[in-house]
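In what follows, a single structure is set out as structure tokens and then discussed.
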Amino acid sequence: MIETIKEHLTQVEKFTADNLNDIEDFRIKYLGKKGLLNDFFAEFKNVPGDQKKEFGQTINQLKTAALEKVNALKAELENKQQEANIYGDLTRPGTPLELGSRHPISIVKNQIVDIFSRIGFNVSEGPEMEDDWHNFTALNLPEYHPARDMQDTFFIQTDPDILLRTHTSSVQVRYMENNQPPIRTISPGRVYRNEAISARSHCFFHQVEGLYIDKGVSFADLKQTLQYFTTEMFGKSRIRLRPSYFPFTEPSAEVDVYWGLETETDYKMTKGTGWLEIMGCGMVDPNVLQNCGIDPNEYSGFAFGMGIDRIALLLHQISDIRMLSENDVRFLKQFKSVL
């Protein structure tokens with residue numbers, strides 16, 4: 001009987017198959033409920049005592065070999081099928097690549113940078129952690145100036161002279177300190193203010209501020225530049241400038257664009273007036289020029305600043321500013337086709 005089992009062991013080792021049916025028949029033959037292994041185990045009681053150990057070991061070898069053979073043949077067959085699926089039909093369409101999504105803030109910022117680059121503005125950047133001089137004092141906001149209360153600031157506890165910048169005007173100060181006129185630059189970046197977070201405001205947001213300094217720069221140059229920007233950005237050519245106050249510009253103005261009253265959304269956004277505020281602007285105060293080492297008797301200039309977040313909300317009809325910083329993939333996927 002032992003010799004018979006060894007013969008089957010040799011047959012198992014030599015067995016091969018290229019389809020599941022043959023493998024299944026082989027499994028049933030040896031490992032099924034009515035298979036040969038059960039028959040051999042049933043014969044165990046009739047084997048002489050001195051042969052039981054060898055008989056049991058031989059049966060276990062046959063069982064192990066049969067199991068390993070079945071598993072190996074199935075794995076081999078599965079690998080061949082996978083390779084056939086991958087390489088079998090070379091005429092089939094390729095697997096499409098998943099497109100990434102640009103953030104709406106990046107989309108709007110790139111549009112603004114592109115528009116101003118066409119009329120000679122370069123891009124300047126600076127640190128988000130700033131000192132008091134560049135963020136306030138150089139911009140005509142000396143210590144204890146009441147206008148500092150207009151911006152709720154995050155100060156660094158260990159050093160009251162260091163803070164998170166409240167506007168990107170600090171970048172303009174640094175640029176003026178290191179460059180002589182003519183200066184024509186825009187400064188996009190993230191800024192921080194200690195404000196309550198809601199659907200319309202956040203403790204951090206994004207700005208783009210522009211600066212143009214040269215000989216003979218006038219308020220008319222400022223208005224024409226803003227007229228060009230609003231036409232290119234919004235497709236709206238009608239703007240108005242309302243008197244306002246900023247410590248670092250004089251005179252100062254708020255810029256409104258006529259959005260229209262064609263839809264119900266237009267009524268909501270403009271509160272029924274048709275006009276929408278988009279930025280602040282003005283002529284650079286001579287004190288600011290002097291603080292930055294530029295002679296105000298020889299040069300003049302204008303500056304403007306706008307919130308990227310607000311424009312993104314406007315252009316893409318986003319109702320909650322918090323969505324811009326929550327990084328919800330469902331929200332971001334909407335901008336896949338936007339460059």
Residue 288 meets each of (1) closer than 28 Å to residue 110 by Cβ; (2) assigned to a helix (DSSP H, G or I) with one exception, condition (1)
Test: residue in the stretch 181-192 that is closer than 17 Å to residue 113 by Cβ, of a type in the set (D, E, K, R) and either in contact with a Leu (Cβ under 6 Å, 6 or more places away or on another chain) or surrounded by fewer than 16 Cβ atoms within 10 Å (Cβ to Cβ) (or both):
yes
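Test residue 167 against the stated conditions and say whether it is of a type outside the set (Asp, Glu), under 17 Å from residue 304 (Cβ atoms), in contact with a helix residue (DSSP H, G or I) (Cβ under 9 Å, 6 or more places away or on another chain) and surrounded by 17 or more Cβ atoms within 10 Å (Cβ to Cβ). Steps first, answer last, please.
Working: of a type outside the set (Asp, Glu): yes; under 17 Å from residue 304 (Cβ atoms): yes; in contact with a helix residue (DSSP H, G or I) (Cβ under 9 Å, 6 or more places away or on another chain): yes; surrounded by 17 or more Cβ atoms within 10 Å (Cβ to Cβ): yes.
So residue 167 fits the description; yes.
Within the stretch 58-70, is there a residue that is within 30 Å of residue 18 (Cβ to Cβ), assigned by TED's automatic domain parsing to the domain that holds residue 11 and in contact with an Asp or Glu (Cβ under 7 Å, 6 or more places away or on another chain)? Write out each step before concluding.
From the stretch 58-70, those within 30 Å of residue 18 (Cβ to Cβ) are 58-70; that's our starting set.
Those still in the list that are assigned by TED's automatic domain parsing to the domain that holds residue 11 too: 58-70.
The next check asks that each one be in contact with an Asp or Glu (Cβ under 7 Å, 6 or more places away or on another chain); those that pass are 65.
Yes: the stretch 58-70 contains one or more residues that are within 30 Å of residue 18 (Cβ to Cβ), assigned by TED's automatic domain parsing to the domain that holds residue 11 and in contact with an Asp or Glu (Cβ under 7 Å, 6 or more places away or on another chain).
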By residue number, the members of the stretch 192-217 that are of a type outside the set (S, T, N, Q), closer than 16 Å to residue 153 by Cβ and in contact (Cβ under 8 Å) with a residue 60 or more places away in the chain are 192, 202, 204, 205
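Evaluate the stretch 212-224: report whether one residue or more is under 21 Å from the mean Cα position of the chain (by Cα), surrounded by fewer than 18 Cβ atoms within 10 Å (Cβ to Cβ) and assigned by TED's automatic domain parsing to the domain that holds residue 112.
Of all residues in the stretch 212-224, those under 21 Å from the mean Cα position of the chain (by Cα) come to none.
No, the stretch 212-224 contains no residue that is under 21 Å from the mean Cα position of the chain (by Cα), surrounded by fewer than 18 Cβ atoms within 10 Å (Cβ to Cβ) and assigned by TED's automatic domain parsing to the domain that holds residue 112.
Quick one: which residue in 127, 96, 142 is assigned to a loop (DSSP other than H, G, I, E, B), farther than 15 Å from residue 309 by Cβ and over 28 Å from the mean Cα position of the chain (by Cα)?
142
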Expected output for the stretch 259-284 (first residue at positive phi, partner of a type in the set (D, E, K, R), Cβ below 6 Å, 6+ apart or cross-chain) is 260/266
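Yes or no: residue 249 crowded, with 19+ Cβ neighbours inside 10 Å and of a type in the set (S, T, N, Q)?
Working: crowded, with 19+ Cβ neighbours inside 10 Å: yes; of a type in the set (S, T, N, Q): yes.
Answer is yes for this residue.
Residues are listed down the side, and each one gets a yes or a no for (1) closer than 18 Å to residue 298 by Cα; (2) not hydrophobic (A, V, I, L, M, F, W, C):
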residue: 191; (1), (2): no, no
residue: 197; (1), (2): no, no
residue: 208; (1), (2): no, no
residue: 215; (1), (2): yes, yes
residue: 219; (1), (2): yes, no
residue: 238; (1), (2): no, yes
residue: 242; (1), (2): no, yes
residue: 256; (1), (2): no, yes
Over the stretch 281-310, the set of residues buried (at least 21 other Cβ atoms within 10 Å of the Cβ) and closer than 15 Å to residue 254 by Cα is 281, 282, 284, 302, 303, 304, 305, 306
Of the residues that make up the stretch 294-311, is at least one of a type in the set (S, T, N, Q) and either at pLDDT 85 or above or touching a Phe, Trp or Tyr at 6+ places or on another chain (Cβ under 6 Å) (or both)? yes
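The values are calculated or read from the model by the stated rules, or taken from the named source; none is laboratory data. These numbers come from a predicted model, not from an experiment. With ideal geometry, Cβ positions are generated from the backbone for all residues, glycine too; neighbour counts draw on all protein chains shown.
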